[in-house]
Structure formats: C-alpha cells, structure tokens
Amino acid sequence: MKGVHVQYLLLTRRNTDCASLFTQDCLNHTQNHTAHFNNSLPTKIIIHGYRALGRKPSWVSDLAQALLEKEDSNILVVDWLCGASFAYNKVVDNYKEVAVQISIVINQLTTSGVNLESFHLIGISLGAHVAGFIGALFGGKLGRITGLDPAGPMFKNADPYDRLDPSDAMFVDAIHTDSDFYGYVICDHMRALHVYMSALNGSCALTGLPCSSYKDFLAGQCTSCDGPFNNICPQIGLLKNSGITASPLPIHGKVYLLTTSEAPFCVHHIMIELKVSQLTKSAVVQLTLVSLQDIKTEQNLYLCV
C-alpha cells in the first residue's frame, strides 16, 4: 500500500449545512449519535476524480444538497485529494488503492446492518473508475453506480475489471457529454455533473432516446422509445433503474439526448420532415418554432442538390 490518505465526510438531512467527519470509530454504537448515519436509509457515496491544481472540488456541496433534497439518505463524500493531485498517470496509479480503502468502509457498514443493494456510488471523471473497481470487488452486488463523464485517458482500452463496466453493480448508468470526447482531464466544470444536478432539481425530465449511434440519433433515425428497454426512454436522475421497467434488465444499451448550453439543459426533441420537388440548386429554409410560453427557437435547414 502506498498510503494514500482518504477521509470521509457525512451529510444527512439532520446536518445539511455542516458535514461531519466519518471515521471507522463512527461505526460503533457509542459514536452513532455524532455521526447521524442511519442504517435504514440508502447510502450514496460521492467520489471526485483528478484534481490537477490540488483544490477541493467546488461542486461537492451542491451535488450533496441536490441528492438530499431528492431523497432522504446518507451522503458520504470521499476526499482523496492528497492522492489525486499529481501528474495524471501517477494519480491513475492510486485509484485502486483508494477503491480498496472505500470498500473496507462499505464492508464495515454491511456488518453493522447496511444492505449492499442500498449503496449508490456516484463517481466523477476518474472517480467513476474508482467506483467501478469498488463494484468489481463486491462482485457487482452494489445497488447502483453512476459515472459522470468517466475519464478516458488510460482507460479506453483497459480490461473491464479495471474500469467502470456494466457488470460492476446491479444497475450502472454512465453519462457522457460531448466535452469528454476531447479527452479533457483537468477541467473542473464537467458538463455531465451539472446536467445530472439539473436533473435532480427536477425542472424538466432529461430523457434519452435509444439509438445505435450518435450519428443516427442526429440524423433523426431514433425518434421513439422502441428498443431494449421495453418501450421506456430512460431518464437521468434517481429514478430506480433510470425508469426502466423491463425484466430482466438488458445487459447494456445506449441512449442519446440533446441539451441546451446551460442549466436547466431542457430541450424537446422534434423531428420535421420536408417533402420538396427536385431541387435545381441548393437552398436554405429558415424555421422558427414558438412555444406556448412564446419562447422562440430558430434553425436553418440546408437543402443540397
């Protein structure tokens, strides 16, 4: 062991404004009155990723508060900043040790009566792979893992055991935004995280459409909920299995959605078909959509010969 320092902060509806330090001592009955941990509630574990500048992530409190407003639960925030602030390749060397340390805490919680199925791990960037390795250590018996823009560098061709994989929990949802296709690993403003928090706040349902590829989705070839999810379009957020009711659950599936450039990221997907006579030259059709709230959206459609 390299001795990466990991500490845990606990937030509940009883101490929303001030997190309490959660240690192994908090697991014994004499310390429970200070820990606020409730064995009968779901436990959500937030795991940050690479921190290039060594600064604590500014979004942790907002995510924890959004989760608590949505569901009464124990929120454990994992702080492994000391092991996440070196050169990226060195940080990757640390992620498995961090996962092992977290798994020890989870195992101790299960011995005190917490059910494995009640755990929901939420990993951001490299933290998603930490969560995946924890899930692998428990043989996929954790309830849920959510990966938000899982880190790509050094993981794209990794063995499934070493990265976030659908087999790591009873339900795994990974949210990828177009920003992570560029391989950014140092950006603090991770889009998937903010999309996820917006979904938790519930201003609109962020719903994905099943499709085989992003190209087909943009081409308008996927406009219904037909597919592997029993005519259900999954939603981002805390709905059980993302709202999927199919039984058994499909092994894996891809869904796509568009968002606006900023919160609350809400869009309505509309497909428009134009039937035109044979063109003699290229043309541009200016399309304006007006909502019941008098919100206008303009779009140019390019018709090519």
key: Whole-Å semi-axes of region 108-243's equivalent ellipsoid (Cα gyration tensor)   = 25, 19, 15
request  = Would you order M271, M154 from fewest to most other beta-carbon atoms within 10 Å of each residue's own beta-carbon?
outcome  = M271, M154
key: Volume in Å³ per residue [convex hull over Cα atoms, computed for region 37-157]   = 100
query = For the Cα atoms of the chain, what angle does the longest principal axis make with the long axis of helix 88-111, in degrees from 0 to 90, nearest 10?
reply = 60
Electrostatic dipole magnitude of region 157-294 [Cβ: Lys, Arg +1; Asp, Glu -1; Cα centre; debye, to 20] = 440
task = Report the charge-dipole magnitude of the chain in Debye, nearest 20, computed about the Cα centre from +1 at each Lys and Arg Cβ and -1 at each Asp and Glu Cβ.
result = 200
key: Eligible aspartates and glutamates near K141 by straight Cα distance, threshold 16 Å, same-chain separation 8 or greater   = E117, D165, D168, D173
query = What's log10 of I(q)/I(0) for region 205-305 at q = 0.12, 0.18 Å⁻¹, Debye sum over Cα points only, no solvent?
reply = -0.55, -1.00
request  = For the chain, calculate the relative contact order in percent as a whole number, restricting contacts to Cα pairs under 8 Å that are 6 or more residues apart.
outcome  = 12
Cα-based helix-to-principal-axis angle, 191-201 vs the chain, degrees rounded to 10 = 80
query = So how compact is the chain: Cα radius of gyration and Dmax in angstrom?
reply = 21.6, 83
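No lab work stands behind these numbers, since they all come straight from the coordinates. In this text the structure is predicted, and so the values were computed from the model without any measurement. As a convention, Cβ positions derive from the backbone with ideal geometry for all residues, glycine included, and neighbour counts pool all protein chains shown.
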